[in-house]
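Quick notes on the structure that follows.
Rule-based calculations on the coordinates, nothing more; no lab input. Not measured: the values here are computed from a predicted model. A quick note on method: Cβ atoms are made from the backbone with ideal geometry, for glycine too, and the neighbour counts reach across all protein chains shown.
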Amino acid sequence: MIKVFGHKAPDTDTTGSAILWAWFLNNHTSQKAEAFVLGRLNKETNFILNHWKLAEPELLENLNENDDVVIVDTNNDQELPNNISECNILQIIDHHRLAGGLSTKSPLEITIKPVACTATIIYDLIGESIVKDMPENMKGLMMSCILSDTLAFRSPTTTPHDRDVVEKLAKELGVDVDDYADKMFAAKSDLSDVGDNHVVLMDSKKVSVGDKNLRVSVIETTVPEEIIARKDNLVKTISEIKESEDLDDILFFVIDIFKEEATVFIQNDFVKSIIEESFDVSVESDIEVLSGIVSRKKQIIPALRLPN
């Protein structure tokens with residue numbers, strides 16, 4: 001059996017793409033597969049699975065060297081199990097830049113395309129004729145992944161193809177895209193019962209900038225004031241995580257989906273210097289609002305610079 005999974009701290013696209021590709025392998029090839037996740041799901045993803053009456057994938061507890069795996073929504077070994085290169089990696093389906101770090105036992109299929117969402121690539125790999133006959137819950141899941149990763153087309157990562165796929169699926173499903181996306185984002189934004197540690201790590205990626213090892217964490221929300229009100233406790237948690245993971249620091253961005261801006265916490269002089277150098281701003285307080293910044297992949301990580 002092939003194990004299909006994406007990155008740690010799973011979001012909607014990595015979870016949904018694993019489910020979609022496992023469904024395709026089971027129903028349209030001779031291969032058998034099962035979708036897994038590597039961590040706790042966020043509330044948006046739970047809402048989507050419940051809405052489309054889909055089971056949550058099992059948590060992948062361990063990998064063995066003889067396991068056959070397909071990786072979706074990442075190609076970065078830092079976002080995967082420590083022994084991932086010991087497994088039989090059959091395929092990678094992704095929309096991120098090539099990170100390096102993975103090694104394989106044999107040649108594999110790699111599909112990486114510059115679109116906003118892995119589910120968009122899966123749409124292409126499956127083909128329109130099969131997609132048209134997919135169960136409604138699979139179509140709904142595919143549409144949801146793209147809406148999530150594009151922030152309902154607000155993200156600069158959105159391509160015309162992402163939008164076209166959503167419009168086709170929404171028409172077939174009879175779904176009002178704006179209304180449905182608002183419900184997704186409302187679910188995503190309710191973090192009232194989520195602990196500070198999980199808030200910091202729930203959508204977080206490790207990156208290297210120069211000789212510094214950082215985490216870049218983002219929270220996408222329609223009520224940013226609720227997260228900002230927790231700043232003191234979150235900053236304390238950021239410090240604890242930084243020490244436990246031996247990081248140089250954590251950059252924490254609160255993305256306002258509707259205003260299309262990011263508020264970044266400025267917890268020390270090092271973070272202050274990075275934000276000033278990277279975004280050409282003069283930081284005057286313990287938060288900084290960055291207008292027009294909504295995408296970690298396209299706007300935040302590529303911009304990061306260390307001070308001279």
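In table form, for the structure just shown:
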quantity	calculated
Computed helical MRE - 222 nm, the chain, DSSP H runs ≥ 4 contributing -39500 (n - 2.57), nearest 500	-11500 deg cm²/dmol
Alpha-carbon centroid distance for the pair the range 164-213 / the range 24-95, whole angstrom	18
In Hz, Karplus ³J(HN,Hα) per residue of the range 23-38 (6.51, -1.76, 1.60; θ = phi - 60°; x = Gly, Pro)	4, 4, 4, 5, 9, 9, 9, 7, 8, 10, 8, 9, 7, 9, 10, 9
Sorted by Cβ density within 10 Å, fewest first, the residues 34, 243, 79, 56	243, 56, 34, 79
³J(HN,Hα), Karplus 6.51/-1.76/1.60, whole Hz, each residue of the range 50-57, x for Gly, Pro	5, 4, 9, 6, 10, 6, 5, x
Candidates 30, 295, 282, ranked by Gaussian network fluctuation over the chain, Cα under 10 Å, top entry	30
Residue-by-residue Karplus 3J(HN,Hα) for the range 295-308, coefficients 6.51, -1.76, 1.60, Hz, glycine and proline x	10, 5, 5, 9, 10, 8, 4, x, 7, 5, 9, 8, x, 5
Kirkwood-Stokes translational diffusion coefficient of the chain, alpha-carbon pairs, 4 °C, 1.567 mPa s, µm²/s	65
Calculated FRET value between residue 245 and residue 40, using beta carbons and R₀ = 25 Å, to 0.05	0.90
Stretchable slack from residue 104 to residue 173, in nm (0.36 nm times residue separation minus alpha-carbon distance)	20.9 nm
Amide H contacts of residue 110 (H built 1.01 Å from N, under 5 Å, at least 5 apart or other chain)	92
For the chain, share of DSSP beta bridges that run antiparallel, in % to the nearest 5	35
Surface/4 of the Cα convex hull for the range 1-126, nm²	7.3
Ranked list, fewest to most other Cβ atoms within 10 Å of each Cβ, for 29, 12, 221	29, 221, 12
Extension gain from residue 86 to residue 306, taking 0.36 nm per residue of separation minus the Cα-Cα distance	75.8 nm
Members of 3/105; 212/242; 171/298; 3/43; 206/297 lying beyond 18 Å, as alpha-carbon distances in this model show	171/298; 3/43
Likely footprinting exposure, 138, 143, fewest C-beta neighbours within 10 Å first	138, 143
Amide proton proximity set for residue 116, modelled H, under 5 Å, gap of 5+	159, 162
Shape box of the range 195-299 [Cα atoms, principal axes, largest first, Å]	35, 32, 26
Magnitude of the charge dipole, the range 196-303, Cβ model with Lys/Arg +1 and Asp/Glu -1, debye to 20	400
Ranked packing of 251-261, 146-156, 296-306, most packed first, by mean Cβ within 10 Å	146-156, 251-261, 296-306
Placed amide H near residue 220: partners under 5 Å, 5+ positions off or other chain	255
